[in-house]
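J.: The structure under discussion is supplied below as structure tokens; questions concerning it will follow.
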Amino acid sequence: MPLYEHVFLARQDLAQAQVDALAENATKIITDNGGKVVKTETWGLRSLAYRIAKNRKAHYVALDLDAPAGAVAELERQSNINEDVIRFLTIRVDELDKGPSAMMRRGDKERDRGPRGDRDERPGFRAREEEVE
């Protein structure tokens, strides 16, 4: 069966439980039509680059699918009907990523950086005149 990545954006005013229910509904649609969901990732509530349907933020959810084209078409049809889903994108891929997606790895990298420390300790740092008194 072909492999797909499906990402949808849910309205910002939904609770996390409702977003999880949307992901479960998508999983049920795929499994009922002969496919399977390999991986589900919730990227959380993130800011949008521009307003979509009066929303400045959205809950992002990504699904890795191993499903026939008919199952994906049904998922897209249901996503269009559902008012809680403000945008979605499905792409066909050659292979699915085994580990976490780039969005999930990005959060780990930011946490591993550690404290920035005091900027005054850098070599060659000069304070502005109004700071020195």
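J.: In this structure, does residue 101 turn out to be of a type in the set (S, T, N, Q) and modelled with pLDDT under 90?
T.: On the way: of a type in the set (S, T, N, Q): yes; modelled with pLDDT under 90: yes.
Yes.
J.: Sticking with this one: For the range 78-95, name all the residues that are surrounded by fewer than 14 Cβ atoms within 10 Å (Cβ to Cβ), of a type in the set (A, V, I, L, M) and in contact (Cβ under 8 Å) with a residue 40 or more places away in the chain.
T.: Correct list: 89, 91, 93.
J.: Has the range 44-53 got any residue that is surrounded by 17 or more Cβ atoms within 10 Å (Cβ to Cβ) and of a type in the set (Phe, Trp, Tyr)?
T.: First, pick out the residues of the range 44-53 that are surrounded by 17 or more Cβ atoms within 10 Å (Cβ to Cβ): none.
No - not one qualifying residue is present in the range 44-53.
J.: List pairs: first in the range 52-63 and farther than 14 Å from residue 90 by Cβ, second among the aliphatic types (A, V, I, L, M) and not in a strand (DSSP E or B), Cβ under 6 Å, 6+ apart or cross-chain?
T.: 59/19
J.: Checking residue 104 against (1) under 14 Å from the mean Cα position of the chain (by Cα); (2) of a type in the set (A, V, I, L, M); (3) farther than 21 Å from residue 19 by Cα, which single condition isn't satisfied?
T.: Condition not satisfied by residue 104: (3).
J.: Does the range 33-92 hold any residues that are of a type in the set (Val, Ile, Thr) and within 19 Å of residue 16 (Cβ to Cβ), and which are they? Steps first, answer last, please.
T.: Step one: of the range 33-92, the residues of a type in the set (Val, Ile, Thr) are 37-38, 40, 42, 52, 61, 72, 81, 85-86, 90-91.
Answer for the range 33-92, where residues must be of a type in the set (Val, Ile, Thr) and within 19 Å of residue 16 (Cβ to Cβ): 37, 40, 42, 61, 85, 86.
J.: On to the next question. Kindly provide the set of residues from the range 25-37 that are surrounded by fewer than 16 Cβ atoms within 10 Å (Cβ to Cβ) and in contact with a strand residue (DSSP E or B) (Cβ under 9 Å, 6 or more places away or on another chain), ordered by number.
T.: Answer for the range 25-37, where residues must be surrounded by fewer than 16 Cβ atoms within 10 Å (Cβ to Cβ) and in contact with a strand residue (DSSP E or B) (Cβ under 9 Å, 6 or more places away or on another chain): 31, 36.
The values are calculated or read from the model by the stated rules, or taken from the named source; none is laboratory data. As the structure is a computational prediction, the values presented were derived from the model and not from experiment. A quick note on method: Cβ atoms are made from the backbone with ideal geometry, for glycine too, and the neighbour counts reach across all protein chains shown.
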